[in-house]
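Just below is one structure, and these are the notes that go with it.
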Amino acid sequence: MKSMQGRVVCAASDKTVAVEVVRLAPHPKYKRRVRKKKKYQAHDPDNQFKVGDVVQLEKSRPISRLRLLLQFQFQTGTGPRAKRQRRRA
């Protein structure tokens, strides 16, 4: 089963959060690794996730037209980078 790790970027909808997944992929011409970002809509039945939480996404049966992923708490941001991001928000 496919799983991904991402960061919650929007938690305004009821029972749904937007998660941004960043991966490294080689540039087609220059072969340098560049960051590719993609946003997924994930199911959050208890509305427990907040913006900035790092979560683990797992593929599941379709919950709605866009929501194809379930998510589980992976870790909360506690490092210096997470503290900087919380201060900006």
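The values are calculated or read from the model by the stated rules, or taken from the named source; none is laboratory data. Since the structure is predicted, the reported quantities are computational estimates derived from the model, not experimental observations. All Cβ positions, glycine included, derive from the backbone under ideal geometry; neighbour counts span all protein chains shown. What goes into the accessible areas is simple: the full protein's heavy atoms, side chains included, and nothing from ligands, DNA or RNA. Shrake-Rupley method; radii C 1.70, N 1.55, O 1.52, S 1.80 Å.
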- prompt: Hey, got a sec? Which trypsin sites (Lys or Arg not before Pro) in the stretch 29-67 land in a DSSP loop and have at most 12 other Cβ atoms within 10 Å?
  reply: LYS29, LYS31, ARG32, LYS50, ARG65
query: Hey, rough spin-label estimate for LEU68 and VAL34, points 7 angstrom out along Cα→Cβ, what's it come to in nanometres?
result: 2.4 nm
statement: Measure of exposure for GLU20: accessible area at 1.4 Å probe, Å² rounded to 10, is 40 Å²
field: Solvent-accessible area per residue, Å², over the stretch 20-60 with all protein chains present [probe radius 1.4 Å]
entry: 76 Å²
message: What lysines does LYS59 reach when the alpha-carbon gap must be under 28 Å and sequence neighbours fewer than 8 apart in one chain are set aside?
response: LYS2, LYS15, LYS36, LYS37, LYS38, LYS39, LYS50
message: How large a share of the accessible area of the stretch 4-74, in percent, is made up of carbon and sulfur atoms when the probe is 1.4 Å and the other protein chains stay in place?
response: 51 percent
statement: For LEU70 the rounded accessible area (nearest 10 Å², probe 1.4 Å, non-protein molecules ignored) is 60 Å²
field: Largest-first ordering by accessible area, 1.4 Å probe, given options VAL55, VAL22, VAL9
entry: VAL22, VAL9, VAL55
statement: For the stretch 21-68 the chymotrypsin sites (Phe, Trp or Tyr not before Pro) that pass both the DSSP coil test and the at-most-16 other-Cβ-within-10 Å test are TYR30
